[in-house]
1. Rank-order 74-84, 102-112, 245-255 by packing density, defined as the average count of other C-beta atoms within 10 Å over each peptide's residues, highest first.
2. If the viscosity is 1.567 mPa s and the temperature 4 °C, what Stokes-Einstein diffusion coefficient in µm²/s follows for the range 191-262 when Rh is the Kirkwood radius over Cα pairs?
3. Keeping all protein chains in place, calculate the accessible area per residue for the chain (probe 1.4 angstrom), answer in Å².
4. Quantify, in whole percent, the carbon and sulfur part of the accessible surface of the range 264-318 (1.4 Å probe; protein heavy atoms only).
5. Note down the net charge around Phe408, summing +1 for each Lys or Arg and -1 for each Asp or Glu among other residues with Cβ under 13 Å from its Cβ.
6. Could you calculate the contour length gain from His285 to Gln46, that is, 0.36 nm times the residue separation minus the distance between their Cα atoms, to one decimal place in nm?
7. Suppose we keep just the DSSP beta bridges with both residues in the chain; what percent of those would be antiparallel, to 5?
8. Counting only protein chains, not ligands or nucleic acids, how are Lys114, Lys96 ordered by accessible area (probe 1.4 Å), most first?
Amino acid sequence: MSANAFPPGFLFGAATSAYQIEGGWDADGKGPSIWDHFARLPGRIQRNHNGDVACNTYFDFATDIDIMRRLGLQAYRFSVAWARVLPLGRGAINEKGLDYYDRLVDALLAAGIKPFVTLFHWDLPLALQREMGGFDSRDCAAIFADYAEIVGRRLGDRVKQWITLNEPWVHATLGHLRGLHAPGRLNPWAYLRVIHHQLLGHGLAAAQLKGVHADAQVGISLNMGPVYPATDSEVDRAAAGLGDQFINRIFLDPLFRGQYPEPLWGRLRAFRPPVQPGDMETIAHPLDFVGINYYTRIHVRHAWYVPFVGFWPNDLPVVAGRVAPWRKNGYSQMGWEVYPAGLFELLFRMKQEYGNPAVYITENGAAFADTVSDDGRVHDPQRQQFLEQHTDMVSAAARAGVNVRGYFAWSLIDNFEWAYGYDKRFGIVYVDFATQRRIIKDSGYWYQSLIQGQAAGERSGAATEP
Ligand code: IFM
């Protein structure tokens, strides 16, 4: 493989999720989700935005597929709104909801774009939250797997790549521990239950998906970030180890090693859910691929006052009287440090510590304050540079022997950025939310040229050279 090339068959795509783009929140029999409810609570979302209309893709996906085709995307990752398929989360199926995804998949395939389907990207049917506390209840795992099977039966003849859960850490942490996301709970006792039950749901769903289509490739998307100590002190280094377990290994270890990471798991014994015989085997059933969602790295410091874990993220600009060295790097509009080397580090770690599984970067991108210029274009040099630097790291990781198979920019289009509403734009395509007009940003054109160059290299055989 030559420098800055990617392995043969490497896929370039872009990603979205249902609540963030679809709109049509109650169209054609869809049931309410926890996000439909949460976003209506005053003050929960910046400027009280919500996903009722979003990018209107429930009513028009053709426009975006046309854009994907122009960009040369080879794959598109989207999520299914559980409550569109099962308005109450279980029981009666809403055929019109399934029809929508059926049409979407057909249109993607007709455009030569491979669908990657996520089954749960946080928009749990509200009925399941009300009846059982959602994933706080063990029952939700089996209910999720049944829903996965229903979608698998309908789409699995054409969809081969499945992602059970998107960022289960975020759903547990922001949704059940910190109350910043739906369902808005602040309950430390629910936290590990929600993690364990999501993992169990993942394992059960993987088995059921493969049960209906033996050739289904099933993975999971995890938000990951390397964790660094704020200083070189022993206590901060120990804090970083715990931070890594809290953010990364809490999912990686059960999935790849069949056990929760120590010493974190022991420290949290007061909060642990009952783990039943067979659970860890179900969770650790071999994955076909793992999805990494990468945005930034994390610094932590020892914090004696934080019970049980004893660490806290360090976002102070000054450490021990000096400007923290990592403050020298750029930041996105989210306040997240731009740190491309972290992506290489995570990828290489998958090779070194977790047996070199197939990996897709299922999300990577950045929000910047985009505007439409007088020339009608959206010039977003910072996002373009972000994508260049990160895709370079992916290429470098592939050259270092990491089994990386594809890269999805987050996001295809500007969309509803959860608690931040529509003010944070991650798209490589700009959306004018008043008119639903799309404008391909400069970063989108740059991505198009990367893909074209790679495809040309593959045709001439360059990408397969050692
Ligand atoms: O928009 C989100 C996405 O839904 C999940 N991963 C992170 C993105 C940016 O915050």
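1. In descending order of packing, they fall as 74-84, 245-255, 102-112.
2. Calculated translational D: 92 µm²/s.
3. 38 Å²
4. 62 percent
5. My count for the surroundings of Phe408 gives +2.
6. In short, 82.0 nm is gained.
7. If I count the DSSP bridges inside the chain, around 20 percent turn out antiparallel.
8. From most accessible down to least: Lys96, Lys114.
The values are calculated or read from the model by the stated rules, or taken from the named source; none is laboratory data. Here the structure is a predicted model, which is why all the values come from computation and not from measurement. Note: ideal-geometry Cβ built from the backbone for every residue, glycine included; neighbour counts use all protein chains shown. Ligands, DNA and RNA are excluded from the accessible area calculation, which covers all protein heavy atoms including side chains. Shrake-Rupley method; radii C 1.70, N 1.55, O 1.52, S 1.80 Å.
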